[in-house]
Amino acid sequence: MATRDVPVNDPMLDPITGERRVIAPGHTFKSITEKLAGIVLTSHTPLGWWGGFMIAGGGVALLTVAVTWLFLKGVGIWAITIPVAWGFAIINFVWWIGIGHAGTLISAILLLFKQSWRNSINRFAEAMTIFAVVCAAMFPVIHTGRPWLGYWLFPLPFTMNVWPQFRSPLLWDVFAVSTYAIISVVFWYMGMIPDLATLRDNAKSKFGQFFYGMISLGWRGSVRHWVRYETASLLLAGLSTPLVLSVHSVISFDFAVALLPGWHTTIFPPYFVAGAVYSGFAMVITLAVPIRKFYHLEDIVTIRHLDNMGKVMLVTGLIVAYGYFMEAFMSWYSASHWEYFMIWNRMFGPMGWAYWTLITCNIALPQLMWIRKFRSNVLLMFIMSFIVNTGMWFERFVIIVISLTRDYLPSSWGTYNPTRWDYATFIGTLGLFTFLFFLFIRLLPMIPMSELRILLPQARIHPKDELLPEAGD
């Protein structure tokens with residue numbers, strides 16, 4: 001866009017480049033600190049927060065009841081049976097792990113590529129990753145039927161020599177997800193230390209000063225502290241970047257190493273990773289839009305962020321669409337009767353409606369994001385984020401359930417009808433995720449103040465064009 005084409009009355013457009021700003025003009029170091037620290041340090045908790053927190057608490061109560069009943073009665077309360085031995089539990093496991101991928105990508109990869117637009121959204125995206133992993137990690141454990149023996153999955157020095165089966169993809173999940181969780185928590189916590197010290201210095205109550213002083217680990221903002229902080233951030237970013245690719249690739253091996261038609265394919269690792277980033281960025285938009293509206297953060301989480309996230313979703317969505325196309329193409333090109341029947345059954349079988357739902361939500365409707373005005377519309381992007389996450393859930397449903405209902409032998413065919421306990425467990429994890437997120441935005445800085453200050457004009461060093469000679473020289 002040429003400079004003369006830029007509307008002079010829009011402060012969010014850069015008059016030189018014509019691009020939308022990452023942060024609204026007029027902010028200072030003090031205004032950034034007061035606005036973001038005030039969300040946490042205020043003594044008055046908004047009624048809207050309490051309302052959302054109570055609703056989320058109801059979801060946690062529902063999850064507690066569902067899991068308790070599961071422990072008492074066993075996995076028979078779910079709809080899993082032969083041939084569909086994997087149902088909602090594994091669907092939700094893969095879906096939640098996928099949602100957590102955007103936080104790591106925003107924190108690590110965009111940091112290494114020096115993308116400044118990440119600064120406003122990386123903190124709550126990282127928190128989203130941790131809470132999504134918490135929701136995901138519970139499903140493989142409770143799905144085993146004997147969750148009290150879950151520690152058998154770890155290579156502990158047992159006297160009875162009960163060792164885990166290292167050739168099992170489910171064991172690979174344990175190591176991949178646990179590594180991902182540990183690195184994500186360390187990265188998230190370490191990035192908050194400067195902001196926790198800011199809350200410590202601005203807190204009025206003795207408890208706030210003590211609490212934030214304790215978890216800020218004695219941060220003083222010295223040059224030595226900042227050097228170590230920057231070095232550790234780069235090291236963790238470099239360590240986290242392979243996890244974005246490896247974690248969901250390992251999870252895709254749960255299916256790819258099997259001989260079942262629809263699972264035994266080499267495209268699953270990149271296809272799963274792209275889908276994870278796709279759904280993860282959709283969830284970031286789902287969280288960012290209400291946050292910026294409720295806390296009046298439109299000048300910090302701007303249209304530029306929604307626009308960029310829409311572009312990432314568009315790219316990853318096209319990769320996912322390529323994966324769908326290759327599944328259909330290879331079912332024909334392989335000349336395998338079973339592969340051909342698998343894709344036909346997905347499209348036109350008893351559960352074909354699920355396949356066309358995912359095609360509509362993941363491919364057809366997201367093509368609207370080619371339009372820049374669509375990506376700049378807050379309400380439309382919020383709706384699109386729900387559509388994409390719905391489609392990604394149905395993608396896992398199609399891959400797992402429909403592939404299992406029609407196997408090689410017609411005599412082993414079956415169907416799948418989720419019970420109320422399947423739905424209760426899934427809705428309960430949504431409540432748990434939201435419950436943890438509400439606690440996070442109330443008690444901890446959800447947007448990094450220290451990183452936002454770097455974006456301000458007064459933080460930049462402007463070298464002098466020339467040195468004026470002193471008088472008398």
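In order along the stretch 103-117, the Karplus-derived 3J(HN,Hα) couplings, from 6.51 cos²θ - 1.76 cosθ + 1.60 at θ = phi - 60°, round to x, 5, 5, 5, 6, 8, 5, 5, 5, 5, 8, 6, 8, 5, 5 Hz, and Gly and Pro are given as x.
Surface analysis of the stretch 136-230 yields an accessible area of 61 Å² per residue, using protein heavy atoms and a 1.4 Å probe.
Taking only the C-alpha atoms of the stretch 190-286, Rg followed by Dmax gives 20.9, 62 Å. Near residue 312, within a Cβ-to-Cβ distance under 14 Å, what is the net charge of the other residues, with Lys and Arg +1 and Asp and Glu -1? In short, +3. What you get for the chain, charging only the Cβ of Lys and Arg (+1) and of Asp and Glu (-1), is a dipole of about 760 debye around the Cα centre.
Using a 1.4 Å probe and ignoring any ligands, DNA or RNA, find the accessible area of residue 293 and quote it in Å² to the nearest 10. Spelled out: residue 293, probe radius 1.4 Å, area about 140 Å².
Given 159, 116, 210, which one lies farthest toward the positive end of the charge dipole of the chain, if we put +1 on the Cβ of every Lys and Arg and -1 on the Cβ of every Asp and Glu? About the Cα centre, the residue reaching furthest to the positive side is 210. Note on residue 267 and residue 42: the model spin-label points, each 7 Å out from Cα along the C-beta direction, lie 4.9 nm apart. Under a plain spin-label model, where a point goes 7 Å from the Cα along Cα-to-Cβ, how far apart in nm are residue 423 and residue 29? Going by the 7 Å Cα→Cβ label model, 5.6 nm.
Shown in residue order for the stretch 374-389 are the 3J(HN,Hα) couplings computed by the Karplus curve 6.51 cos²θ - 1.76 cosθ + 1.60 at θ = phi - 60°: 5, 5, 8, 9, 4, 5, 5, 5, 5, 5, 5, 4, 5, 4, 5, 5 Hz (x for Gly and Pro).
Mean residue ellipticity, 222 nm, helices only, the chain: the sum of -39500 (n - 2.57) across DSSP H runs of n ≥ 4, divided by residue count and rounded to 500, is -20500 deg cm²/dmol. Along its first, second and third principal axes, ordered by size, the stretch 90-161 spans 53, 27, 15 Å in Cα coordinates.
Multiplying the residue separation of residue 378 and residue 340 by 0.36 nm and removing their Cα-Cα distance gives an extension gain of 9.5 nm.
Out of the total accessible area of the stretch 92-167 (probe 1.4 Å, heavy atoms of protein only), what percent is carbon and sulfur?
Of all accessible area on the stretch 92-167, carbon and sulfur atoms account for 68 percent.
Treating r as the C-beta distance of residue 224 and residue 73 and R0 as 51 Å, the FRET efficiency rounds to 0.35.
Projecting the Cα atoms of 351, 28, 410 onto the charge dipole of the chain, computed from C-beta unit charges around the Cα centre, puts 28 farthest toward the positive end. Report note on the peptides 115-125, 180-190: ranked by the mean count of other C-beta atoms within 10 Å, highest first, their order is 115-125, 180-190. The calculated Kirkwood hydrodynamic radius for the chain is 24.4 Å, given to one decimal from all distinct C-alpha pairs. Per residue, the stretch 27-114 exposes 43 Å² of accessible surface when a 1.4 Å probe is rolled over the protein heavy atoms with every protein chain present.
Remark: the stretch 351-360, residue by residue, has Karplus-estimated 3J(HN,Hα) of 10, x, 4, 5, 5, 6, 5, 5, 5, 5 Hz, where x stands for each Gly or Pro and the curve is 6.51 cos²θ - 1.76 cosθ + 1.60 at θ = phi - 60°.
Placing unit charges on the Cβ atoms of the charged side chains and taking the dipole of the chain about its Cα centre, the candidate lying farthest along the positive direction among 321, 432, 278 is 432. Taking Cα centroids, how far is the stretch 279-357 from the stretch 190-262 in Å? Computed from Cα coordinates, the inter-centre distance equals 28 Å.
Of the accessible area of the stretch 410-453, computed with a 1.4 Å probe over protein heavy atoms only, carbon and sulfur atoms account for 70 percent.
Which entries of 114/311; 30/204; 35/114; 114/373; 35/293 have Cα-Cα distances beyond 19 Å here?
From 114/311; 30/204; 35/114; 114/373; 35/293, over 19 Å: 35/114; 114/373.
Close amide H partners of residue 419, meaning residues 5 or more places away or on another chain with modelled amide H under 5 Å apart, are 79. In a simple Cβ point-charge model (Lys, Arg +1; Asp, Glu -1; nothing else charged), the stretch 116-254 has a dipole of about 420 debye relative to its Cα centre.
The values are calculated or read from the model by the stated rules, or taken from the named source; none is laboratory data. This structure is a prediction, so every number in the text was calculated from the model and none was measured. Neighbour counts are summed over all protein chains in view; Cβ atoms, including those assigned to glycine, are modelled from backbone coordinates with ideal geometry. Heads up: the accessible areas ignore ligands, DNA and RNA and are worked out on the full protein's heavy atoms, side chains in. Shrake-Rupley method; radii C 1.70, N 1.55, O 1.52, S 1.80 Å.
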